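First the structure, in the form of structure tokens, and then the observations on it.
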Amino acid sequence: MNWAFVLDRIMEKRKKIAIQGYPGSFHDEACHQYFGDDVESIPADSFDILAKMLADGKVDGAVMAIENSIAGTILQNYRVLREYGFWIVGERYLRIKHNLLAYPGSKIEDIKEVHSHPMALNQCLKYLRNYPEIKLVETEDTALSALKVMENKSLDIASVSSIKAADLYGLDVLGSEIETSKSNYTRFYILERECKRKNEKADKASIYIRIPDVKGQLLKVLQVIHNHDLNMSKLQSFPVLGQIREYFFHLDIEFDETSQYENLREDLMEFTQEYTELGVYKKDDIKKLLI
């Protein structure tokens, strides 16, 4: 039997999931936490490229960061969701642990430059300021920075990357969990091109609403949610393109039974000019972040 052919056929059937970044990135880690190891993560250099891959059917799904507890909401990704009409099928919260990685044999006193994504560098400034002689170099991706450290085989360059990147590229860890805030986490959306099935276990909905520019209209929306005794875990406003004093609002609503959300949706539609569902899905258990 041609085992190489069989292996290729198995690989073809594996789900392909687009991630922003490269193997060993936090997107990659979130992808495998959610789907397990039986998927292939497909790198994308930007969120727009990731969206195009999903829209064109080159991948089966995508993992896309939407907010970070330190940096805040990634506003451009709400634009991506709105433009492409993707469907949120799930979410994953990931505790972000940064590490200082170097070529095997390097010592901290050897390091002259530290390379990483600017957000990762900023989240580790308290640690990095202990070494003022080290130059900080901004790059496009944490994992790609780790890969280049390995490829360059230089003893004086390090990267700020995940522990998964250290394992993947065979790098030494000169500093573990060097992030300034230990409550640093990122929330990721799990996306598909469109809604294919109803999730019977759903307990969270992400929606867009557009309301008239009328005094007290947003308050009425919030009062309806309160009257239904449901939790609104996020409220984010966005200006309507080309319109003055008109806004879209993104809401995340949590519930116990889908019927509760469906009743709320019916009442909210009375106060909104536009009501768009982005996803009705099972929320992630954030208790694991506290361990």
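The values are calculated or read from the model by the stated rules, or taken from the named source; none is laboratory data. This is a predicted model, so every value here is computed, not measured. Note: ideal-geometry Cβ built from the backbone for every residue, glycine included; neighbour counts use all protein chains shown.
Anything in region 234-246 that is in a loop (DSSP other than H, G, I, E, B), of a type outside the set (S, T, N, Q) and surrounded by 10 or more Cβ atoms within 10 Å (Cβ to Cβ)? List them, or say none.
Pass one, region 234-246, residues in a loop (DSSP other than H, G, I, E, B): 240-246.
Remaining after also requiring of a type outside the set (S, T, N, Q): 240-242, 244-246.
Listed by number, the residues that qualify are V240, E246.
Testing L289 on (1) surrounded by 14 or more Cβ atoms within 10 Å (Cβ to Cβ); (2) in contact with a helix residue (DSSP H, G or I) (Cβ under 9 Å, 6 or more places away or on another chain); (3) over 23 Å from E192 (Cα atoms), one condition comes back false. Which one is that?
(2)
Go through the residues of region 156-170 one by one and say whether even a single one is more than 20 Å from G24 (Cα to Cα) and touching a residue at least 24 places away in the same chain (Cβ under 8 Å).
yes
Of the residues D141, D167, D156, which single one is of a type outside the set (A, V, I, L, M), outside the structural domain of H32 (by TED's automatic domain parsing) and under 17 Å from Q20 (Cβ atoms)? Lay out the reasoning, then the answer.
Numbers: D167 fails: under 17 Å from Q20 (Cβ atoms); D156 fails: under 17 Å from Q20 (Cβ atoms).
It is D141.
Report yes if F249 is surrounded by 14 or more Cβ atoms within 10 Å (Cβ to Cβ), outside the structural domain of M53 (by TED's automatic domain parsing), modelled with pLDDT under 95 and part of a strand (DSSP E or B), otherwise no. Before you say what the answer is, go through the steps one by one.
On the way: surrounded by 14 or more Cβ atoms within 10 Å (Cβ to Cβ): yes; outside the structural domain of M53 (by TED's automatic domain parsing): yes; modelled with pLDDT under 95: yes; part of a strand (DSSP E or B): yes.
Here the answer is yes, as F249 does meet what is asked.
Could you list, in sequence order, all residues of region 208-233 that are small (G, A, S) and part of a loop (DSSP other than H, G, I, E, B)?
Selection gives G216 alone.
From the list S206, S181, which residue is polar (S, T, N, Q) and surrounded by 19 or more Cβ atoms within 10 Å (Cβ to Cβ)?
From the options S206, S181, the qualifying one is S206.
Within region 40-76, track down each residue that is of a type in the set (V, I, T), at pLDDT below 95 and part of a strand (DSSP E or B). Break it down stepwise before answering.
In the first step, residues of region 40-76 are kept if they are of a type in the set (V, I, T); the result is 42, 49, 59, 63, 66, 70, 73-74.
Now drop any that are not at pLDDT below 95, which leaves 70, 73-74.
Within region 40-76, T73 is the sole residue that qualifies.
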